[in-house]
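**Student:** The structure is given below, and queries will be raised subsequently.
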Amino acid sequence: MACCIGAGGVTAPFAAIAEPVGQAANTAGPVEHREAPGAIGDTPMSAPKGESLDGDAAPDLPAADAPKVYGPSLAPDVRVSRTMPVPDWSDSPAFIPRALVESINISTRYNAAVISAWDAVRASHADLSSVRWQRFPSVTTAFNRYSAGAYASYPSVLIDLPLVTFGRIGSQIKRAKSAQLQAVATWRQKVLDIAVQTEQAYFQVIAAARKQRILEEGVKEHFRLVESMSRRVAMNVSPHADLLLAQSRLEQIQSDLEAASAQRSTALHNLAELLQGHPQALGAVPQYDPRALEIDWANATDQAVEYNPSREEALAQADGARDAVSAAKASVFPQVDAQYSYDPIYGSRVGLALKLQASGGFSEFSQITAAQDRFQAALAQVRDIERQLRQTIEDQLVSNHSARVQAAISADVAATTRDVSESYERQFIAGHRSWLDVMNSVREDINSRLTKATVEVNAMDTATQLEMGTGRWQPALAEEAQK
């Protein structure tokens, strides 16, 4: 029997979770970090390779924008200078409810955290553009005024064009590219986080709704038993203690029903907050289909490690740290500039300038050491994130397998306990069972159905998280017209 989640309980078709509170101004969605012509920054963004630390090759660090090995290919590139792309999660596995897909579409499009992450991407694009301008001439103008002399007041112009920087400007550009890759990965991770939060809130609503329906049926069953025992006590067929037992069990299950109702209300509120006030009908409670969850999770751990944006963020951070080493080394060497100057005293002059700025004695060499240590720390962070991802996916795989096995077992247990409960009631009427046996069997029947509902929802929940975590289910991207 299908049921629906409404505003006032388990009723007929789902009511909208919340009324709209206003039109969102921006949209958000994940972005592919691999750059094609016309993509991020309008220039190729291959990961910088850096320089050797001590004359040897740098550690073998996968580039943040390296092609995927295990996981599915990411969504197409988008221009960071445009409005945020709209994520479309419609291409979902068959077992995922359509209401969940639509809810994730809304939450990942309008969430403020995603919008904030996109603003950081655009800021990184501006930073990259700013650093690139360092290759061009810089102009300094001044108006000089002195107390006396033929040229007490005169203007001057100085134009500097960097010729040889020993990799200083190139390293800064690479660092800016790495920072942009890191910002894009952070944005994609935020989109994935919001999608997972929406998925969890949705299945919390489903689990609470199923529990509430079972407990409502249990309350009705206990009311029937209390009324039956009241008649038996009135006719002096059963002792008053049996009636007290029935009333006590009724109060217990009413308390459980109230707790389930509170859990459902909390889950609905959480989901409404994720949807940012946009109304979304949740439809009927999805039915558990064990065959739809028979998914081959081979290479799921490798897929998750390769796909997860948090790893890409750490790789981009490591790329930036490696480029910081190159920049620190370049700061030790002088810079050669071509100069043009003009003033009324000397007129126009063209020449070369050798610049060397040293601050704090040999502090530049200490900065090289610090940059190398930060690079090693970034590499360690990448390895730690990979470990966490493997651990998370393995835990989800175990939980999913356990939930599916328990669901198969609990289905048989629930059917058996229902038959036992009905049999015990008939035996009580015939005088072969005690009233306590009847009440215990009814409670066991309710508990077995609650367990069945819990493990079935857990199986669907963990399978959905695995689909998203491995990249098997990810959104396509579309761009809205600039507003």
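Where a number appears in this text, it was derived from the coordinates with a stated rule and is not lab data. Just so it is clear, the structure is predicted and the values come from calculations on it, not from any experiment. Cβ sites come from the backbone with ideal geometry, for glycine too, and all protein chains shown count toward neighbours.
**Student:** If you average 1/r over all unlike Cα pairs in the stretch 91-475 and invert the result, what Kirkwood radius do you get in angstrom? Intermediate results must be reported in sequence, preceding the final value.
**Tutor:** Working: mean 1/r = 0.0366 Å⁻¹.
For the stretch 91-475, inverting the mean 1/r across all distinct Cα pairs yields 27.3 Å.
**Student:** Compute the distance from the alpha-carbon center of the stretch 305-344 to that of the stretch 131-158, in whole Å.
**Tutor:** One Cα centre to the other: 29 Å.
**Student:** Something else now. Could you tell me the calculated FRET efficiency between residue 440 and residue 112, based on Cβ-Cβ distance and R0 = 60 angstrom, to the nearest 0.05? Please report the intermediate quantities before stating the final value.
**Tutor:** Working: r = 51 Å, r/R0 = 0.85.
Computed FRET efficiency for residue 440 and residue 112: 0.70.
**Student:** Another question, if that's okay. Using 1/(1 + (r/R0)^6) with R0 = 60 angstrom and r between the beta carbons of residue 136 and residue 299, what's the FRET efficiency to the nearest 0.05?
**Tutor:** Numbers: r = 48 Å, r/R0 = 0.80.
Computed FRET efficiency for residue 136 and residue 299 comes out at 0.80.
**Student:** Hey, another quick one. How about the stretch 355-437: which chymotrypsin sites (Phe, Trp or Tyr not before Pro) there lie in a loop by DSSP and see at most 10 other Cβ atoms within 10 Å? Before the final figure, lay out the partial values.
**Tutor:** Working: sites: 362, 365, 375, 424, 428, 435; in loops: 362.
Passing sites in the stretch 355-437 are 362.
**Student:** Using 0.36 nm per residue of separation minus the Cα-Cα distance, give me the extension gain between residue 370 and residue 166 in nm, one decimal. Kindly include the intermediate steps, with their values, before the conclusion.
**Tutor:** On the way: separation 204, 0.36 × 204 = 73.44 nm, distance 1.97 nm.
Fully extending the segment from residue 370 to residue 166 adds 71.5 nm.
**Student:** With all pairs of different alpha carbon atoms counted, what Kirkwood hydrodynamic radius in Å does the stretch 390-483 show?
**Tutor:** 16.3 Å
**Student:** For the stretch 431-483, state which GluC sites (Glu not before Pro) are in a DSSP loop and have at most 13 other beta carbons lying within 10 Å of their beta carbon. Can you show the working numbers first?
**Tutor:** Numbers: sites: 444, 456, 467, 479, 480; in loops: 480.
Loop-located and lightly packed - 480.
**Student:** Order of 473, 118, 187 from fewest to most other C-beta atoms within 10 Å? Kindly include the intermediate steps, with their values, before the conclusion.
**Tutor:** On the way: 473 20, 118 25, 187 29.
Ranking 473, 118, 187 by Cβ neighbours within 10 Å, fewest first, gives 473, 118, 187.
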